[in-house]
Amino acid sequence: RLNRVLRACIDLGDENPIVSAHDLGAGGDCNALPEIVYPAGARIELRAIPVGDASLSVLEIWGNESQERNAILIRPADVAVIERIAAREKTPLAVVGEVTGDGQLSLHDSADGSTPVDLPLEPVLGKVAPKDLELSTVPEVQAPLSLDGITLDETLERVLRLPSVASKSYLTRKVDRCVTGHVAQQQCVGPNQLPLSDYAAYGQSLFGHSGVALSLGEQPIKGLVDPAAMARMAVAEALLNLAGAKITRLPDIRCSANWMWAAKLPGEGARLRQAALAMSELMITLGIAVDGGKDSLSMAVTGIGTETVKAPGQLVISAYAPMPDVRVKVTPDLKTPGNALILIDLSGGQARLGGSALAQVWQQLGDQTPDVEDAEALGQAFTVIQELVATRRVVSVHDRSDGGLITAAAEMAFAGNTGLELDLDLDPSLVPLAALFAEELGVVLETEDAAATLAALRAASVPAKVIGRVGAPGGQVVVRLGGDVVIDRPMTDLRAVWEDTSTRIDRLQADPESVDEEHRATRDLVTAPDWQLTYSPVAQNPNPSPAARPRVAVLRDQGSNGDRELAAAFHAAGFEAWDVTMTDLLEHRISLDYFRGLAFPGGFSYGDVLDAGKGWAGIIRGQLAGQFHAFYRRPDTFSLGVCNGAQLMALLGWAPDPAVPGVRRPRFIRNRSGRFECRLATVEVAPSPSIFLRGMAGSRLGVWVAHGEGRLHLPDGAVDPALVPLRFADPDGKPTERYPFNPNGSPGGATALTSPDGRHLAMMPHPERMANQLWQWPWLPPDWRDLPASPWLRMFQNAYDWCESASFEDREIL
């Protein structure tokens, strides 16, 4: 709600009433309010600050750090504007004071007439006296690694299970990775969507191709050996992670630098300074910059007795840069058997293991850690990889910063469902473990033309060589060192090891039976989803004149979050989409009589605290029942509910039909897994009367699901199969109840309901998040990548065609 108020103000352009805004976080009101009025000063009324408990003390109110609040400056003449916006969004708004211009901050308490705070701002926020710090180093001697008795097979299994290396599926499945529809690259890649993406990409518009790429770099364990090397490697990791997404140019990269350090402990302040200088020097050489960040410099606590527990000093680099076209990118999953694999080695042939995953799994640290040996070579490597991506010379890119070369290559095979063959030279000065597990700067590329790719790299003076090739689908991972086979294991076995840690964690946070069912169902899965189209997608309808566009109301309430992508899909199909809130209807600013279509978007109306959609449905049934009933019964109208909107439609009885006497309404309840599920699922379109799905029957499509309560519950038994137009399908293309292919456990795989006349459709998946652009799809079959439009746009085009072709009596529009 807060975001919507700020966005609505910004959308006013030159009429934006907000002069300045400041989020409330650390320090709460007593930090944000003084900062936003500095240096002018202000008089604040303590009792005007909204609180939920009148017994709170002055200190508790003034220092309250509750999030999801914002302090804003508004000119007095514009207060009424933002009050109207806040009321429309059901967002609490309070005027708590006024700027005085005297440089003084006064906090008045009307409860007793006192002034708890009354001080000049300049000494607090302005000319603060500089603080002298005396930093001293504490000599540390690290022992070299001992590799005696350590076997390659056991090391590989331990590294693949290490949480920093292992699968992060237990994290990615439970968060909404597709909301807004702007997501061009989220955490998961490949046909089976494994969490291995090196970067994120976000489209700026649902109607264009430009966007932003983002990546992360962090190497905290290496900082225990050498803080300066850690800082340089964090920057380098962020850079190489970004290499697979074609940005404008290297100097356009900006970074957020987040420091976490126990800086006050002996020796730690000096180590922090070493890291900060190293980061600065490397960024200057590369021509990139930090434009923000956050410091947490008290990362230590006193434990039992006098023991001090401290976190490793850490720098997290978040890099971001413009992308002219979010479609120009490659992901780490291997694509085609027989393609060559090339290693770019920026270490100068070194293989240092200090601070590596190998060292960690054997409870060691080491005394020599990887470092950036040549900053200019790093920048040149980034630039040439970008050129190879842009010219489509390479089809996969993955860096080796976590787990070394063998881990990077194996991860690429896991995501691509392929085998792998590596044939590596063995430097006599290196032990085999170092050659495979050293986390030196390096990138693995997959290419269809090894000669041309090597020529481009060598022309840029970037050291590179062919190290192997992509194996057969579902094949072996074979590694040769100096001609000797040192690893020969099924890819699926190693992938199961890599997934094991995630599975164990997942069993602690979701229904264990569902987690085990997923493990059994996907352990040996090496096929891509079996999608098929029974129609030919076409680009958006020619734009009709504004007067000819059918009007559709995208109705939202407190907690809705999928309205803009839903409106965009209708717009692309030829509709005039209106943003309508429940307060608009309740306060009679507009009527449903004005619209042909009504769309209920996804989200969490009223936090779904009573039940999914129940709060929203209660308001409609209680205060707007007549208007909604009239709209539903009009023969010239249609409605679509997605996710939270589908839950609402089920509670209203709009789908399948409210008029069946003695039959309790179907509804959507908690997923069988016991948690929120966000996945790319497969659905099959069944024959039905739905106007939205005309001509689509028999198709199987990928679609995003993102819900916690999507399991169809039928209190009085089965529903007419003809009114179930969408069902989840398994890898064989058959309707299924198996988890995770059916992520919520609905009987028969049912995931949508339609009214008997086809005008009203309630569906749990999110086609609107994949309807405008092909780049919205997290994965596409190779033969779908040149389609002229997204297959899901057809749904909205069908609704437009129905509006254009249906014949109704003319009626007065209110």
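The values are calculated or read from the model by the stated rules, or taken from the named source; none is laboratory data. Please read all numbers here as calculations on a predicted model, not as lab measurements. Neighbour counts are summed over all protein chains in view; Cβ atoms, including those assigned to glycine, are modelled from backbone coordinates with ideal geometry. Note: accessible area is taken over every heavy atom of the protein model, side chains too, but ligands, DNA and RNA are not part of it. Shrake-Rupley method; radii C 1.70, N 1.55, O 1.52, S 1.80 Å.
Shown here is the pair-distance distribution of the stretch 105-154: with all Cα-Cα distances grouped in 5 Å bins from zero up to the longest one, the shares run 4, 11, 8, 8, 7, 7, 6, 6, 6, 5, 6, 7, 6, 7, 4, 0 percent. For N671, nonlocal amide neighbours, meaning residues 5 or more places apart or on other chains whose placed amide H falls under 5 Å from its own, are E709, G710, R711. Bridgeable aspartates and glutamates around K294 (alpha carbons under 15 Å apart, same-chain partners fewer than 8 residues away excluded): D23, E218. Semi-axes of the equivalent ellipsoid for the stretch 131-273, computed as √(5λ) from the eigenvalues of its C-alpha gyration tensor and ordered from largest down, come to 34, 25, 14 Å. Among the listed pairs K174/K310; K131/K310; K246/K465; K131/K264; K90/K614, those with a Cα-Cα distance over 21 Å are K174/K310; K131/K310; K246/K465. Kirkwood-type hydrodynamic radius, the stretch 400-543: 18.1 Å, calculated from all non-identical alpha-carbon pairs. Accessible surface for the chain, divided over its residues, is 42 Å² per residue with a 1.4 Å probe. Binning all Cα-Cα separations of the stretch 615-762 at 5 Å, short to long from zero, yields these whole-percent fractions: 2, 10, 19, 23, 21, 14, 8, 3, 0, 0. Put simply, the amide H of V117, placed in the peptide plane, has neighbours under 5 Å in L107, leaving out anything fewer than 5 places away on its chain. The candidate values were (i) 233; (ii) 160; (iii) 198; the one computed from these coordinates for volume of the Cα convex hull per residue in Å³ carries the label (iii). Among the GluC sites (Glu not before Pro) within the stretch 491-588, those in coil by DSSP and having at most 11 neighbouring Cβ atoms inside 10 Å are E587.
The HN-Hα couplings worked out from phi for the stretch 79-85 by the Karplus form 6.51 cos²θ - 1.76 cosθ + 1.60 (θ = phi - 60°) are 4, 4, 5, 6, 5, 5, 5 Hz, whole numbers, x standing for Gly and Pro. Summarising the overall dimensions of the stretch 621-672 from its C-alpha atoms, the Rg and Dmax are 11.9, 38 angstrom.
The apolar share of the surface of the chain, taken as the fraction of accessible area on carbon and sulfur atoms (1.4 Å probe, ligands and nucleic acids excluded), comes to 52 percent. Dimensions of the stretch 215-276 based on its C-alpha atoms, expressed as ranges along the principal axes with the largest first, amount to 44, 18, 14 Å. The 3J(HN,Hα) values that the Karplus relation (6.51, -1.76, 1.60; θ = phi - 60°) gives for the stretch 18-35 are, in residue order, 7, 7, 7, 9, 8, 6, 9, x, 4, x, x, 4, 6, 9, 5, 5, x, 5 Hz. Gly and Pro appear as x. Our coupling estimate for the stretch 221-238, obtained by passing each phi through the Karplus curve with A = 6.51, B = -1.76, C = 1.60 and θ = phi - 60°, is 5, 5, x, 5, 8, 8, x, 5, 4, 4, 5, 5, 5, 5, 4, 5, 5, 4 Hz, Gly and Pro reported as x. For E45, the residues whose modelled amide H falls within less than 5 Å of its own, excluding neighbours fewer than 5 places apart on the same chain, are G97, H108. Computed per residue of the chain from DSSP H runs no shorter than four, each worth -39500 (n - 2.57), the mean residue ellipticity at 222 nm is -8000 deg cm²/dmol. From the alpha carbon centroid of the stretch 619-668 to that of the stretch 165-179 is 33 Å. Any idea how far the Cα center of the stretch 368-390 sits from the one of the stretch 708-723, in Å? Centre-to-centre distance over Cα atoms comes out at 55 Å.
Run the reach check for K329 against aspartates and glutamates, Cα to Cα strictly under 12 Å, same-chain hits fewer than 8 apart removed. What comes back? Within the straight-line cut-off, K329 pairs with D198, E387.
Extending 7 Å from Cα along the Cβ direction at D484 and again at V290 yields two label points whose distance is 4.6 nm. Qualifying chymotrypsin sites (Phe, Trp or Tyr not before Pro) in the stretch 708-814, where qualification requires a DSSP coil assignment and no more than 15 other C-beta atoms within 10 Å, comprise F808. For the stretch 209-310, the set of GluC sites (Glu not before Pro) satisfying both a DSSP loop assignment and a count of at most 15 other C-beta atoms within 10 Å is given as E307. The distance linking the stretch 479-500 with the stretch 101-156 is 46 Å (Cα centroid to Cα centroid, whole angstrom).
Of the residues Q314, I342, A300, the one whose Cα sits farthest toward the positive end of the charge dipole of the stretch 280-345, with +1 on the Cβ of Lys and Arg and -1 on the Cβ of Asp and Glu, is I342.
Within the same chain, aspartates and glutamates fewer than 8 places from K734 are excluded, and of the rest, those with a Cα less than 18 Å from its Cα are E517, E518, D530, E684. By DSSP, the beta bridges lying fully in the stretch 21-154 are antiparallel in about 75 percent of cases.
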